[in-house]
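Engineer: Starting off with a structure, shown below.
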Amino acid sequence: MGRSTIPPALNELLNPSTPEAQVTALQNLKNEIVGHEQRKELAVTHGIVKSLARLLRAEARKGGKRRMNVTNGHSAGLFSETRRGLEEWSTEDELRSQATLVVGSLANGGPAFVTPLLAGDILPPLLEALRPSETPSKLVTTTLRTLNQIVDAVAQEKPWVDMSESSSRFSLAFAVNESIYTKSGIQSLAELLAQSAGTWKVTQQIESAIRLIMKTCREEYQKKMLVDAGILDLLADKLVAVAAMDDEIPTTEAKQSNREQLPRICLSDILDAVSAIIKDSHFYTARFLYSHSIQQLFGWPKERASATQDESSSSVASWDKLIPRVQTMTSKSDPYKQSWPALGAYPSATGDSYARLPSMDSLQQTSSRGVITDESESPLFIWLMYVARRGEGRERLSACWLLALLKKFGERWPLNDPSRMTRERHFSYLIIPLVEKMIEESSPTSEQSKRASALSPAARDEMRYILERSPLVLAELVAGNKSLQTAAVHARTLPTLIQILKKSFDVPATPSKPLWQPRASSHEVKDPRIDPVSSTLGRSGFSADVLHAFKYRESVLLALAAIAGDQDSLRKLVIEMGAATHIIEALVPYTESSEQGATFSARDGNPDPVLVAACKVIRSLSRSVSVLRTSLIDHGVAQPVFELLTHPNVKVQIAATEVITNLVLDVSPMRTEIIDSGVLGTLCEQCHSANFDLRFGSLWALKHLCLGLSHGMKIQCLEELGVGWLIQVLNGEPSKPAMGTPNAAGEQVDILNAVDEPHMDIDEEPSSEEDEDAMTESIPSMRRHQRPGSRYTSATNIRDRLQQIKNDEQDPRLNSERDDIRIQEQALDFIRNFILEDKADGEMIDHLLKTFGHSRFFELLDAKLRPKNSLSSASTSQAQASPSTPSYWPNNTHRTSFPTSGTSLSQPNWAAYPAPELISATVYILVHLANGRNAQRSLLISQTTLMQHVLPLFTHPRRDVRVPCAWMLHNLVWIEDHIDEAVTRERALSLRQLGFEEGAKVLIKDLDLDVKQRAIVCISQFDKLIGEGHARSGFASPSTFGGGGEAGAGGLGRLGGMHGWRHDSRG
Amino acid sequence: MSSSTVSVSAATPTLHPFQRKVDDIKPSKTDINFVIMDYLVSEGYPRAAERFAKEANLQLPHDEESIQSRVEIRRAIHVGDIDTAITKINDLNPQILDTDPALHFALLRLQLIELIRTCTSSATSDITPALNFASSQLAPRAATNQEFLRDLELTMSLLIFLPATETLQKELTELLEPSLRRNVASKVNEAVLTSMGAHGEARMRSVVRLRQWAETKARAAGKDIPPSLLLGLQDADERPANGNTEATDVMVQ
């Protein structure tokens, strides 16, 4: 019987005699257990793990010592050393190798077997064997392979376990990662990667090492360790070595290919490993982009004219040669070519191969620029696109994935990238169709995937990987980009995605039957000498099918969320395709009670990442009011989302809170339902959470909730939230440094006013034109600040740039400041919505002033309006002392042309002011105060210091600040009732004394229509009330602008409409 | 062989325009050599590869060790010594069989067939070893998969029929034919190659498939091409190049 054959080998191992006998025993054992789970189990329960660990440990120690002696300190002979190690392959080495193989085979049994392996401390000796300088290379290869097997097995446990959660500490994955990501472990990996690939053995080692990194690297600390150990640079070297083969310059080719010869088959692993490290980190992305080898091979694209003086121009030229190749292929394979008019109409088409591509304009009439440009992509992008188009399967996928990540980086830190138009065109015609094809082909219902599953397990795994990853790539590509979203939909991806989503719920409840056993499992009495921990099997993980279904369900949901992110029409399309039912299904959490991996089916609930993804889709969809009012309510989305608010995983809570934010808008029909289920208390409680994102999201939701709430509930809400807490949030941390901080170059830079924040801004409905402007403006103006000709090619420039990106991302102070501002903005908006009432009787204002206390409240507001570091009594003249800091950021340089002549206001130092978002939010509170009762209005005006600080804001470069300023003034001088005229006149007089009339005259010249019209009304009110305005105002007669009177009449109406300003859906 | 893939079968008086185009193309010698080398290495002909390398002045891409072990594995399977084959595969990389139950099962089934053969060779011999082997090695796996179960049942029925050799059903004779071994051997070879990060199959096979595909496409599109395009590998031409194995099975031993 199978059982009877094992004991001799086991006996030998448990009671070792000679090394030779042990080797034979291990070999036998290996042959016995490979492919036989039951025998693996038998071996483990007989305590094999302990003896394997003992064996490995002993040999590792011996081997290490022996080789240390041989090496004897000369470090240069690293490679020859491994060579020699190979030759002197001893019985001990064989013993270790066989033991390692047995461990690997046990690990193949799944997570159940990894548990005893870890309990038996098998990892440390294995990791020790990774040092290429001490271990024969054959053993290194074997060890790497075994480690990969262990990592694979662990992935079946519960891949979604969140490493940042405390509960994860007991998970296998955590334990394995802990052991691998140690200083010495990573060092060994780096050494392995640093070998120059030539022989097949070394190539294999490099490949396995890269795989190990790719599979394990997920958390921030891991990325940091890898980058610090120089592994990212090494990976870049490897990537370049492969890429160099496509470089058509003979000289470099000869040079490169002699140095490194990595087969192309490694390419996808390298790309994936790089992606794993740089994902979610702009800094690491920059490190990769600016790494020496990448810079050398790919250079950075030139403005063509200046390419001549560039020393790397030769290599740049060679990449340009790759473009026509890409393009010709495009024009041939482009399936849409037929449907678009030929572009012969463009005379500029000569020599411009892009002209064959239909411009985006024909696809979507969004841009005003119809001319086809012949910008080229950056060489790295060109090459990656080339790889994506040339390769298939994983190679294509990994190239697309890296492209998507790099594109995201380019949006945040644009530099020398082609214009957005060009990039969009490249992506929508070269990449999106590829991704779409991958999704379609890997879909479980497609012919290809059926065929693949009949083939080898490797082919099936690859297909599964593609299915899990390709929707994710799509999500990353189209996120926040309307034209790419449209392109994706044009590529008919949507039905496929939804079909896949549906399919993910149809995975049959694990058909895997238990193995047949020749006789009933007998419960033998265990040998008491065997270590119980390392001889007991752990829990088996989930079946591969179910895990697979979870993973692709998650990515499809994310893809849907990204597609539906910004356009109502697409949201409706998603709904029309029938996605809603499945999305709701994906909101049901998986419960531990339905444990037992074997019987668990893909229908019985969803792991946390799927829940988060489902919340994201709902959030995207709920931005459409009509979808909100129809299908979302029809499908009863409120209840499941509300239940997720109390989910144990904070990430799920955050995602659910973000959905709630949109669901409690007063346009939402679900509002009352959610309020009735007691959302108020939950949200207030969450506001006191330790997690910033949860606090932030909850406050945002409360802000929406609070709008239009009954007085009683508002007051209750404020109580539960706590005035003290609000004040604390508004004050920020006590020792706040100024927002402007010196950057690497020592300049004073207001980082918060830097390039637009990519997140959350979607709310402010930027029109597409504005976006375009921002892009075109910011790029040249950013370049202007560099010395002409230097395009971050020199080492110092690169270092500066990296430092800048690093600070932005990793500086804890900057980040906490940024967070602080975000949450303060929400707090201010909350107050604003709190005091906003349908009938402006000022009751809530009174309540607020009472609970806060007048002076404290106004001081709080004042602090948000005055320049930092200036006392509340400080006047603007102080700010004038240091007139213009280097106007580093485009916004400033652009707006300083704002007319200041004829007024007493001069340009204050905006960098010293709080963030514009805060100013704006604060002024909006003033707008509402100014809309209160007469007493309240006068109270506001009587806050002289506060008012004095508002005045300079009239020239603030940001429109968002000037608009509320104008409204505030407007409200203050507006006469609601004739009885009020006297009071208003008084107010107008005090305002004139404060210099607000002059201020209005400044505003009237404003470029912004909204501001201008408000100012016109204000001036006419001043005139009417005090009656001498006409004589003095030498400028800006209202008729010039027209519609002045109309604006006045519509004044309050408009303000009413502005309640909705903070209705922004959650972005 | 290299030249025959592109050359014309015979000098016909009037050349088809397509044929003329074909003649105009001069495939690069290095490419052809590469494909041949790839074939020799993937399919496991170490000595031929060595000689060819000398002749064409090429480098052997893989180290010989792996070719050698693949040759040994294949030989072992061909002669029916499955035990040795499995041991050797496990020496090379135990993961191959651990993660590919179908392949493992196929090998074990071959071994079972061999056992049954020896058990039934003489009327006196005992069939217990075969039964034991089946129950300990194959049966546990068979329960998990319908196909495995069917295969196992079919194989086990050999025990009953085998002494009476003449009246075997077709299904059963197939089990005894050497082509089954060859099939498994080539699957093993591919699996080993894939596990080493190499191309699972020789590139020549995919080239042949590509050609076939192109021809079908061209015919479907109504392009002007000769009525029959021969590959130049006479035997292979008779079958459509859909299978992975046919075209080259001829060349295997």
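The values are calculated or read from the model by the stated rules, or taken from the named source; none is laboratory data. None of these values were measured; they are calculated from a predicted model. For neighbour counting, all protein chains shown are included, and Cβ atoms are generated from backbone atoms with ideal geometry for every residue, glycine included. These area figures cover heavy atoms from the full protein model, side chains too; ligands, DNA and RNA do not enter into them. Shrake-Rupley method; radii C 1.70, N 1.55, O 1.52, S 1.80 Å.
Engineer: Tell me, what is the per residue accessible area of region B:64-201 in Å², probe radius 1.4 Å?
Structural biologist: Result: 45 Å² of accessible area for each residue.
Engineer: List the accessible area buried at the contact between A and B, summed over both sides and calculated with a 1.4 Å probe, in Å² to the nearest 100. Mind dumping the intermediate values first?
Structural biologist: Details: alone 43700 and 15140 Å², together 56240 Å².
The contact between B and A buries close to 2600 Å².
Engineer: Size of the dipole of region B:64-201 about the Cα centre, Lys and Arg at +1 and Asp and Glu at -1 on the beta carbon, nothing else charged, in debye to 20? Could you put the intermediate results ahead of the total?
Structural biologist: Details: 12 positive and 19 negative charges, 24 e Å.
The dipole of region B:64-201 has a size of about 120 debye.
Engineer: Rounded to the nearest 0.05, what FRET efficiency do residue A:685 and residue A:21 give with R0 = 45 Å and r taken as the Cβ-Cβ distance? Could you check?
Structural biologist: Values: r = 66 Å, r/R0 = 1.46.
Given R0 = 45 Å and the Cβ-Cβ separation, E is 0.10.
Engineer: Shifting gears a bit: ³J(HN,Hα) across region A:200-209 via Karplus (A = 6.51, B = -1.76, C = 1.60, θ = phi - 60°), whole Hz, x for Gly/Pro?
Structural biologist: Values, residue by residue: 5, 5, 5, 4, 4, 4, 4, 4, 5, 4 Hz.
Engineer: Compactness ratio of region A:611-729: Cα Rg over 2.2 N^0.38 Å, N = residue count? Numbers along the way, then the final one.
Structural biologist: Values: Rg = 13.5 Å, N = 119, 2.2 N^0.38 = 13.5 Å.
Taking N as the residue count of region A:611-729, the ratio is 1.00.
Engineer: State, to one decimal in nm², a quarter of the convex hull surface area for the C-alpha atoms of region A:402-501, i.e. the direction-averaged projected area. The partial results should precede the final answer.
Structural biologist: Values: hull surface 26.4 nm².
Result: a mean projected hull area of 6.6 nm².
Engineer: Also: Let me have the relative contact order for region A:393-506, percent, based on Cα pairs under 8 Å that are six or more residues apart.
Structural biologist: 36 percent
Engineer: Distance cut-off 20 Å, Cα to Cα: go down the list A:279/A:651; A:551/A:616; A:40/A:551; A:864/A:1012; A:502/A:551 and report the pairs above it.
Structural biologist: Pairs exceeding 20 Å: A:40/A:551; A:864/A:1012.
Engineer: Now, a different point. Treat each spin label as a single point 7 Å out from the Cα along the C-beta direction, and report the residue A:976 to residue A:855 distance in nm.
Structural biologist: About 2.9 nm, to one decimal.
Engineer: Here is a further query. Any idea what log10 I(q)/I(0) is at q = 0.12, 0.19, 0.22 Å⁻¹ for region B:64-201, Debye with uniform C-alpha scatterers and no solvent?
Structural biologist: These q points yield log10 I(q)/I(0) values of -0.49, -1.12, -1.39.
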